[in-house]
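Reviewing the structure listed below.
Here, each number is a calculation from the coordinates, and none is a lab measurement. Everything numeric here is computed off the predicted structure, so don't read it as measured data. Note that each Cβ is placed from the backbone with ideal geometry, even for glycine, and that neighbours are counted across all protein chains shown.
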Amino acid sequence: MIKLALLFVLCSGALAQVPSLGKCPDLKVYMGKWYEAGRYFVLAELGGKCGTAKYSLNDDGTINVFKNQVNAFTGKSMSIEGIAQLASESGEGKLTISFPTLPSIIEGSLWILDTDYSSYAVVFSCQDFKLFNTKQAWILTRDRVPSEKVLQKAYKTFDASGFSRSFLILTEQKKCLH
């Protein structure tokens, strides 16, 4: 049941709805390795290059999230692992994600705003702190160095979602070992 609900989330998570023939792609289509093409500033990713995210479906219906990057200053690989699952209070494409290895358990929201499953995904997160919030956004691609056409599709979603590209930091994907 959770797999089916998660599939619904991934299929309807975009802000715009476009009718298509056939069924939505299976959740397994989103799984796998994604390369970070760009992001909003995230303290944990400061000085990072060669960013990747690998998603894999767990037996219990949750999604394992393994993020990796290389520190551009030291050359050391840094990674973090988390668990994502369908947010119970929302049917609008919202997932919760937590990273249990952090000093304090931080749970955030994650939306897949748009994806074609095979070349790009635009992902958004917002963390509330009562008086203010922090927004994060990522452009993920299946290729380490995506084509301009793929980036333009992602930028179109970014712009349509009200994000400013002036805050977008392009992720260096050169001289990467992973």
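A few points about this structure:
- Whole-Hz Karplus values for the range 155-162 come out as 4, 4, 5, 4, 5, 5, 8, x Hz, taken residue by residue from phi with 6.51 cos²θ - 1.76 cosθ + 1.60 and θ = phi - 60°; glycine and proline positions read x.
- Members of K130/K156; K153/K175; K33/K174 lying beyond 19 Å, as alpha-carbon distances in this model show: K130/K156; K153/K175
- Inverse of mean 1/r across different Cα pairs in the range 98-178, Kirkwood, Å: 14.4
- When peptides 161-167, 146-152 are sorted by average Cβ neighbour count within 10 Å, with the highest value leading, the order is 146-152, 161-167.
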